[in-house]
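The values are calculated or read from the model by the stated rules, or taken from the named source; none is laboratory data. In this text, all values refer to a predicted model and were calculated from it rather than measured experimentally. Every residue, glycine as well, gets a Cβ built from its backbone with ideal geometry; the counts of neighbours run over all protein chains shown. Side chains included, ligands, DNA and RNA excluded: accessible areas come from the protein's heavy atoms. Shrake-Rupley method; radii C 1.70, N 1.55, O 1.52, S 1.80 Å.
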Amino acid sequence: MGLLKEIQMCSIYTVPICFQVRNMSRRYLQVLCVKLCGNLKYSQSHLYSTVVPPDEITINYRHGLPLITLTLPSRKERCQFVVKPMLSTVGSFLRDLQNEDKGVKTAAILTTDGREIPATTLMEILLMNDFKLVINKITYDVQCPKKEKLSMEHATDMENVKSLVHRLFTALHLEEFQKKREHHLLEKIDHLRGQLQPLEQIKAGIEARSEAKTSGLLWAGLALLSVQGGALAWLTWWVYSWDIMEPVTYFITFANSMVFFAYFIVTRQDYTYSAVKSRQFLHFFHKKSKQQHFDVVQYNKLKEDLAKATESLKQVRHSLFANARRESQ
């Protein structure tokens, strides 16, 4: 009782705290009321609350995954977002935030010095450092908890596990993926053939006219050479003698050589009959294409896309055939 008197005499403003004390012989239970010394007005200033503020954004790790907790601006309630660091990006996280609360008109993530982080950045990289989350022009400072660094052996084991999971996923879903790709390629080939069909008809008509004009030009060249040979023969045997016509034929041959050399300078091609025919055919073809508004560039692009799609389809079917053969064995 003397102890109680001394405790009661040391205070003016007191707060009661009750506890139980048992004596050593455990014969009776005595309840003591202890009063703390000091002014209650000043003692309350040292009390702190452990409740998270309603507008604070927190990041915790649960089962190894980051858990971002924030207050939605419209509903004013706390919402948790589970982040998959290796799959989620900054853009996908912001889209999830806007889908959850339609009141989020604008959302962005900035570095601590105010630079905007690209939407393609992985959340795993983002959570390595502190950042700022801007929602409807309101900036929130987000502090990321520091994760313990993995040892080299543990990190190597994690990479091996990730590689194994990726290979297993590929092996289990490869056939399904190849069938979907085969279906997609078949649809693409049908679409390209549908676009090429009217162009092929126009192209066939232009090619026929160009081929006819090229053949006519070649026959005209043959006729011109025949007339030239006949004229030289007539002048040599009926009008003049060979002594007079020999210099004439020399200068005609020299003039033809000059024409062939000029053709090489202009076209950078040798003067061969096949090259001349191809060049003249292309000249007539492009001229007719402009007249009939035939887009040669678009036609060539469609043909290239069709060739690539056909080759890819051949490879996919070969792979499916090999897988079916292995399963049958």
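The figures follow:
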{"quantity": "In Å², nearest 10: area of MET86 left accessible to a 1.4 Å probe", "calculated": "100 Å²"}
{"quantity": "Per-q log10 I(q)/I(0), the stretch 233-329, q = 0.10, 0.13 Å⁻¹ (Debye; single scatterer per alpha-carbon; no solvent)", "calculated": "-0.65, -0.80"}
{"quantity": "Violating pairs (Cα-Cα greater than 26 angstrom) within the set LYS105/LYS180; LYS132/LYS162; LYS162/LYS308; LYS102/LYS188; LYS179/LYS308; LYS180/LYS303", "calculated": "LYS105/LYS180; LYS132/LYS162; LYS162/LYS308; LYS102/LYS188"}
{"quantity": "Gain upon complete extension [LYS137, GLN98; 0.36 nm per residue less C-alpha separation]", "calculated": "12.6 nm"}
{"quantity": "Point-to-point label distance, SER278-ALA223, nm (Cα→Cβ direction, 7 Å offset)", "calculated": "2.8 nm"}
{"quantity": "Residue among PHE260, SER274, SER241 farthest towards the positive dipole end of the stretch 218-329, charges placed on Cβ", "calculated": "SER274"}
{"quantity": "Efficiency of FRET from Cβ geometry, GLU159 and HIS63, R₀ 22 Å, rounded to 0.05", "calculated": "0.60"}
{"quantity": "Accessible-area ranking of THR253, THR272, largest first, probe 1.4 Å", "calculated": "THR253, THR272"}
{"quantity": "Charge sum, other residues only, whose C-beta stays under 15 Å from LEU110's C-beta, Lys/Arg counted +1 and Asp/Glu -1", "calculated": "-1"}
